[in-house]
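The values are calculated or read from the model by the stated rules, or taken from the named source; none is laboratory data. These numbers come from a predicted model, not from an experiment. Every residue, glycine among them, receives a Cβ derived from its backbone with ideal geometry; neighbour counts consider all protein chains shown. These area figures cover heavy atoms from the full protein model, side chains too; ligands, DNA and RNA do not enter into them. Shrake-Rupley method; radii C 1.70, N 1.55, O 1.52, S 1.80 Å.
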Amino acid sequence: MANLVYKRVSTDQQSTDRQNLVLGEAGIEDPVVFEETAGTSSRLHPLERPKFGELLAYARPGDTVHISEMFRLVRGTGHILDVLHRDRLALRIHDGAFSAMDLPARHPRTGELLSTVKFMVQTLAAAGQLQRDLQRELTYDGLRAAEAKGNKGGRRPAVPADKTDAVRTAYLEGRSIAALARDHDVSRGAIRTAVADLLPEHTAADPGTLAPELPVVLDMAGKVADFLRTAELDDAERATLDQGITVRRGQGYTLRVTAVPTVHRQLLDRCQPLTGTASVPAQRKDCREYANPVNTLGSDI
């Protein structure tokens, strides 16, 4: 019986160090490791991920799949139940709320997952989603409060303020962006941000060029957000939805979306199927409620 280890990180900026620590402390004997390419999103169903597919093809009855935390493999209740319903898969989670559960437990006669397992999975997944939603709402409220005091939110610049002048001076003296990135142990993008107004494409621009667009916060009905998540989106549009803040509204929800006007207009264009005669009235209404403020942004903002 083999011990199969599965690892995944959502972006290429992350590492598997924590997973390695948790799994190493578990003392797994002769692990066979399957690690997804960095940047494999948790939104992709586990049964559609390349390395997890290889793991399933390799697995034999009696093998155990080991993961550090539940979210490395599954995102929500549907995902984890889909995985657990595969009769040859025993799953062991080594950290977090699910680590204390015998997840593959089945009825001795029917072979079905025990009802108590289903109930606990659904309860813990719902609690996890509630925690994530509350954190997003608190983050949004905190940013609004900071803005009211004149503080600017967002990430701190990778190049500290006390080094920015030296970076800009060195760039003007002919030091390349790549060399400056090595000197300060940051990415090239961080250096480009620090010297953005000195770059050739900026200084050569027409003085009449419009100022860069500023992000605008708009609310989008949950039905519209759900439709867009299934649509073909570019990276900027997808990232905008992923970073939206969920606000519960009765039985549904609203997604609070922060984006520049151009991205808002692109998302609205993707919603056109919801305005057709084939859509239901509620969908058309929700789409109009998002379209009205988007249209007021104007094409020259």
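Okay, here's what the table says:
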read-out: Pairs where the first residue, in segment 186-209, is modelled with pLDDT of 80 or more and the second is of a type in the set (Ser, Thr, Tyr) and open to solvent by less than 50 Å² (accessible area, probe 1.4 Å), C-beta under 8 Å, 6+ apart; value: ILE191/TYR171; ALA194/THR164; VAL195/TYR171
read-out: Residues of segment 24-70 classified as open to solvent by 20 Å² or more (accessible area, probe 1.4 Å), within 14 Å of ARG92 (Cα to Cα) and assigned to a loop (DSSP other than H, G, I, E, B), total; value: 5
read-out: Single residue of segment 71-98 satisfying the filter (modelled with pLDDT of 80 or more and assigned to a loop (DSSP other than H, G, I, E, B)) that is least open to solvent (accessible area, probe 1.4 Å); value: LEU73
